[in-house]
Amino acid sequence: MLERALARRAGLGFLGKNGMMIHPTYGSYLFLGEILTDLPLEVGQGEIPDGCGGCTLCLKECPTAAFVAPRVLDAGRCISTWTVEVRGELPPSAPRLHGHLFGCDRCQEVCPYNREAPLSAEPDFQPRPEWFAPAPAAVLALTGPELEARLSGSGLRRAGEAGLRRSALRILEEEISEA
Ligand code: B12
Ligand code: SF4
Ligand code: SF4
């Protein structure tokens, strides 16, 4: 299901130039979910108009130039693809990870709609201190059982132990080549 397109049509938010579904008050740090039902429901207030205006902060911020045009993402250039979704070795054609171990939020961090957005109090969504910007060398130094224990109940399991070690190694290689 194309969740963002559906969310826009459902009146939950507009699609920003960074491709994200943005709620005018809550910003874009939102997960989308659906319930499929044949219950007759009341039609809501309609679509929320585009709120980007002349802003292009997200397009300029992307470290891999992944936006082909506003709202058009080349997923093959997005750091999220290479640190979250891809399994196995990273090919030489993969973009630089720019220090990102798992996913990337840079096109959201600069968005004015996220500056004042309220933070969730949901316990499951709070960052775990041990995973808050960990040094890649510290991740590589963890033994298998230690890393496995830290991944328990975490979304980071999507990359898994192998994916996180691979990204940590790649970040260190990039740092060394830049030095
Ligand atoms: C595949 C996927 C990815 C891929 C490819 C993303 C992409 N843009 O295609 C990768 C791995 C790169 C990725 C990255 C991320 N993702 Co993702 N991803 C998905 C997934 C599973 C499918 C998206 C898809 O089909 N893309 C294909 C394109 C064509 O569709 P789309 O991007 O959904 O929507 C576009 C079109 O529909 C078009 N469009 C639709 N209607 C209209 C109307 C007009 C007028 C116009 C001009 C355009 C237009 O514009 C939309 C925005 O680009 C969805 C869940 C889902 N089932 O929808 C989550 C989802 C989109 N991802 C999500 C998130 C959080 C992320 C990341 C922030 C994760 C991270 N921290 O690293 C990044 C953000 C990257 C970015 N700027 O988009 C959330 C977004 C929540 C939100 N508020 O928008 C979703 C909805 C998951 C969820 N259930 O919460 N993702
Ligand atoms: S998530 Fe990062 S790499 Fe992907 S489009 Fe946004 S800024 Fe670019
Ligand atoms: S940074 Fe600016 S252009 Fe990008 S999504 Fe946010 S408001 Fe729109």
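The values are calculated or read from the model by the stated rules, or taken from the named source; none is laboratory data. Note that this is a predicted model, so its numbers are computed, not measured. FYI the Cβ positions are ideal-geometry reconstructions off the backbone, even for glycines, and counts take in every protein chain you see.
Criterion applied to Arg4, Arg87 was being out of contact with any Lys or Arg (no Cβ under 9 Å at 6 or more places or on another chain), more than 16 Å from ligand 2 (Cβ to nearest atom), of a type in the set (Lys, Arg) and on the phi < 0 side of the Ramachandran plot, and the one residue passing it is Arg87.
I'd like to know if the range 82-103 contains one or more residues that are within 15 Å of ligand 3 (Cβ to nearest atom), among the acidic types (Asp, Glu) and under 30 Å from Ala137 (Cβ atoms). No: zero hits.
Hey, among the residues in the range 70-110 that are in a loop (DSSP other than H, G, I, E, B) and surrounded by fewer than 13 Cβ atoms within 10 Å (Cβ to Cβ), which one's nearest to the chain's Cα centre (by Cα)?
Applying the first criterion (in a loop (DSSP other than H, G, I, E, B)) to the range 70-110 yields 70-71, 74, 78, 86-105, 110.
Narrowing the set further to residues that are surrounded by fewer than 13 Cβ atoms within 10 Å (Cβ to Cβ) leaves 87-89, 91-93.
Working: Arg87: 17, Gly88: 20, Glu89: 21, Pro91: 21, Pro92: 22, Ser93: 21 Å.
Going through the qualifying residues, I end up with Arg87.
Here are some residues: Glu61, Glu85, Glu89. Which one is within 23 Å of Gly163 (Cβ to Cβ), at pLDDT 95 or above and not hydrophobic (A, V, I, L, M, F, W, C)? Outline the logic, then answer.
Details: Glu61 fails: within 23 Å of Gly163 (Cβ to Cβ); Glu89 fails: at pLDDT 95 or above.
Step by step, each of Glu61, Glu85, Glu89 is checked, and only Glu85 is within 23 Å of Gly163 (Cβ to Cβ), at pLDDT 95 or above and not hydrophobic (A, V, I, L, M, F, W, C).
When the range 6-31 is filtered for residues that are exposed (fewer than 15 other Cβ atoms within 10 Å of the Cβ) and within 16 Å of ligand 3 (Cβ to nearest atom), the ones remaining, listed by number, are Pro24, Thr25.
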